[in-house]
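Only one structure is covered here, and it is reproduced in the block below.
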Amino acid sequence: MADGADLFLSLPDDGLALIAAHLGHPRHLLSLSLSSRRLYHPLLSSPSTWLSLTSSNPGSISPSQLHSWHSLSSLSYPSLCRFVFTASRLLSLWAHQNPELGNLVFPIWGFVSLVFVRIIPQEVSKNLAFSPVMEIHCDGDGAPSLFFLHGEAGLIHAGSAFSVIPSDPTVLLLEADFSPNSSLKSSLFGKLAFGDRRRLLDFLSSKSAMKLPSDLESAPVFPRSHDDFNILSRRREALISMHKAIRGGMIDCTIVESSPCSSSLSRNRSFDGDGKKKTISSYVKDGIKQLIGRSIPSKSNTNGENKHLPLNEFLKMGSGDSIGLSLRAIHTRVTSYRSWPNMHENRFALYKLPLNGPESGKEFSGLWGGSFGWPPALLGQEKPGKALFLLLLSYEETDMGLVLVGTKVLEGTHYVLHPNGSSMFIAKMEEPSTDTFPWEMEMRVSCSFSGEGISSGYGFRYPGSKPGSLFSLCNGLLAFVWRESKAVLALERINLSEMVTQGEQVPALPAVSNFTYLTKSYSNVFTGFQSNLCDTSTPR
């Protein structure tokens, strides 16, 4: 009985590629190949089918890039396709709570890898300075299981990544995890006190540090041109070889138990349960407890046990196992305020920002870049002294109707007045503005909307505001103008990937701090690394 295989095999390669593109996922192509013995090898060995399937994935790499991955690595097209489809779930903007000035992290395709870089606050330019944060590499089966954390002095720290990435990851966690064959769950790490978690991560990163060979130290972390693929291939081979040599950074738990980091911070009376120094009120509270001889209600659980798991007990649970750095992607409900996630201040975590592209009725959605002043400092021009602003524009339904919110995600100043997450402006999309554009310009206004722009106030949730208007110009620019001061914030759409690819690499911070710099800072911690980082203040 005919099984239909002849029909498929009679199609030209272009026909098979078109079918593969419409299947939408590698597992569907695999299911098709398993439907007949005669289909199995032709489908799995056809480069055009996998190239077409991979390129159909939103945010995917180009067919030429996938071909370079295949030709310079020992991986098959199905394995590469699996990696692209899995790792592409992480393609978005990511941020952490602090420092408020430089916490924007962006993933970009490397060589059989996904590289996360921090965008550095800087002046207006067509190129963006960046600092490498971490890399996720593909293993032999196509799983994104190899993790490398960047640190200072060019050190790279080996770890593992959970190969199972949820379809909609919202948080990336840096943790200490036991060996894959351990029965212990990684969620135990979150039960440790903050100070214990930090010290354990610092200890593991120090033991998993690697240094690339001198001829590869200056190699790029992602391709800037097609000529970079050869050196990137050698760099990947060196990373994987070193990762294997140190067992992926895994250390026997008995070694960690005997290390200085295993003495729990909870035994030090200078620190509270979160691993932070006690305040005067904490000492007063302890003294009152001793005087009146009874307990004072606290955040401990009702059975009187400490709410945190002691580090020594945590390590003893893994006796006989090994432990190392781990990156875990999870899906959890994350609340937000004006498109900015509500984040924990003591978690080593990156939070996804809702990066939505333009659509019908919401044409201004997406990432925009620009600066204050008129005429506008376009990103293709070098404008010394002009601070670069990156804004995430999103729509919300409010009691004022549909509004467009311009949430600041990066500010290229030396000291920030309003932290990232501040709403630079809110435009009422159902209320046309009667204001006229106050400055001379060659292009005309296509439409304008009434709104409010940020002013002096408190924090990023309760800033002051003053009336203004958002103007959409015929050349694709947006300009928000404060009515009273006539200050102009001019914006244009940007391609972050292109700007990073042509940008300058800045040295990284120490490994764990490089992932999430959990120290409140309103100043630019990268100022000393590059000369063109801005030292201007935001016009108000």
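Annotations
- Prolate/oblate/rounded call for the range 356-496, Cα gyration tensor, a/c under 1.5 rounded: rounded
- Carbon plus sulfur fraction of accessible area for the range 356-496, probe 1.4 Å, in percent: 51 percent
- Highest to lowest packing among 219-227, 146-154, scored as the average C-beta count within 10 Å: 146-154, 219-227
- 15 Å beta-carbon shell around Leu232, net charge (K/R +1, D/E -1): -2
- With 32 Å as the limit on Cα-Cα distance, the pairs of Lys211/Lys352; Lys207/Lys307; Lys307/Lys408 that go past it are Lys307/Lys408.
- The peptide list 389-396, 61-68, put in order of mean Cβ contacts within 10 Å with the highest first, becomes 389-396, 61-68.
- Solvent-accessible surface of the range 356-496, taken per residue with a 1.4 Å probe and all protein chains present: 45 Å².
- Ranked by the mean number of other Cβ atoms within 10 Å of their residues, highest first, the peptides 127-136, 159-168, 83-92 fall in the order 127-136, 83-92, 159-168.
- Between the residues Ser455, Gly357, His414, the greatest Cα displacement towards the positive end of the dipole of the range 356-496, with unit charges on the Cβ of Lys, Arg, Asp and Glu, is found for His414.
- Net charge dipole size for the range 356-496 [Lys, Arg +1 and Asp, Glu -1 on Cβ; Debye, nearest 20]: 380 debye
The values are calculated or read from the model by the stated rules, or taken from the named source; none is laboratory data. Being a predicted model, the structure only gives us computed values, none of them experimental. Here the Cβ is made from the backbone with ideal geometry for all residues, glycine too, and neighbour counts use every protein chain on show. Protein only, heavy atoms only, side chains kept; ligands, DNA and RNA dropped before computing areas. Shrake-Rupley method; radii C 1.70, N 1.55, O 1.52, S 1.80 Å.
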